[in-house]
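The values are calculated or read from the model by the stated rules, or taken from the named source; none is laboratory data. A quick note: this is a predicted structure, and the numbers were derived from the prediction, not measured. Virtual Cβ from ideal backbone geometry, glycine too; neighbours counted across all protein chains shown. Protein only, heavy atoms only, side chains kept; ligands, DNA and RNA dropped before computing areas. Shrake-Rupley method; radii C 1.70, N 1.55, O 1.52, S 1.80 Å.
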Amino acid sequence: MNKPLLSAGAARNRELWDLRASAYQAKHGGQLTASGGAAWGVWQIPESQLRILGDVSGRDVLEFGCGAAQWSIALHKLGARVTGLDNSACQLAHARVLMSAAAIDFPLVHSDAESTELVGDSFDIIFCDHGAMRFGDPYRTIPEVTRLLRVGGLLAFSMYTPIMDMVFPPETVHPGGFLARKYWDLHALEESGEPLAFQLPYGSWIRLFLENNLAIEGLVELCPPAAATSSYCSDRDREWASCWPMEHIWRVRKKSKMPTAQLL
Ligand SMILES: C[S@@+](CC[C@H](N)C(=O)[O-])C[C@H]1O[C@@H](n2cnc3c(N)ncnc32)[C@H](O)[C@@H]1O
């Protein structure tokens, strides 16, 4: 079977994430490991506190844009059957180093999340923390997630909020105080030299989930603890995030197929 073709965005992101993988891990790997791996977002709020994924023990779990697989390693220790997928071979090389240090082994897949060669109906949970749901085109990743999830399976992913993306236009380093990007234009967020990121207006996210047989269970907006620090953000950014939602986590679940009679 021929490998699926990379979209232009995925090809660009593969090149840029390969180039920056080592610098990224040098800057952020310490924080990701220190918080135990299973923690959400730039402020690393623990999964044990948010309980987004539920009990993962014995579940088939796919991390969609796993980076160095800090999350997958932590979930493997909790008894999940984990697969880590990433578009960047260099990020996966870092994952192999961490897995070997932890004496843990699970499948790592080098693939673009927009179009994988994984077998359908294979996973109970697909998730990412600022992973492929942020850096892949949702009009391609969401149908792929629906294909890969079993009925009743959970998709959970964190990313920046539309508000954050509107006040944080290209060539700036902090979220600002005014809406600099048009809400209706939210889709591919381009910035010279940066990986392509994606965002949608809220209504478009909801329509996309529903059109792909995904029922919405929640949208968890993250507020940093008062004393939080981050390798991604400054104290000034934390002040901003304590006033407006900087990151959120969508939780959606694959529904059973509608009986044919209801479709008519
Ligand atoms: C910010 S990292 C998130 C990984 C991890 N949670 C972390 O915090 O380091 C984003 C990851 O998404 C991966 N990625 C970007 N686009 C992707 C795509 N289309 N398919 C799969 N992975 C992708 C990148 O290679 C990178 O490793």
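Calculated FRET efficiency, ILE163 and ASP105, Cβ-Cβ r, R0 35 Å, to nearest 0.05? The computed FRET efficiency comes out at 0.30.
I need the calculated FRET efficiency for the pair SER22 and ARG236, taking r as the beta carbon distance and R₀ as 25 Å, to the nearest 0.05. E(calc), rounded to 0.05, equals 0.35. Using a probe of 1.4 Å on the protein chains alone, the accessible area found for TYR160 is around 50 Å². When you restrict to C-alpha pairs under 8 Å that are six or more residues apart and normalise by the size of region 8-254, the relative contact order lands at 19 percent.
Surface exposure of the chain, expressed per residue as accessible area with a 1.4 Å probe, stands at 47 Å².
Ranking LEU62, LEU108 from most to least accessible surface, computed with a 1.4 Å probe over the protein chains only, gives LEU108, LEU62. Relative contact order for region 114-264: 27 percent, from Cα pairs under 8 Å spaced at least 6 residues apart, divided by residue count. Expressed as a whole percent, the accessible surface of the chain that belongs to carbon and sulfur atoms is 57, based on a 1.4 Å probe.
Where does the chain land at 222 nm, in deg cm²/dmol rounded to the nearest 500, when only DSSP H runs of n ≥ 4 count, each adding -39500 (n - 2.57), divided by all residues?
-10000 deg cm²/dmol, from helical runs alone.
For SER122 and ILE216, calculate 0.36 nm times their separation in residues minus their Cα-Cα distance, and state this gained length in nm to one decimal. Stretched fully, the SER122-ILE216 segment lengthens by 31.8 nm.
How would LEU210, LEU92 rank on accessible area, largest to smallest, probe 1.4 Å? Please report the intermediate quantities before stating the final value.
On the way: LEU210 95, LEU92 0 Å².
Putting LEU210, LEU92 in descending order of accessible area: LEU210, LEU92.
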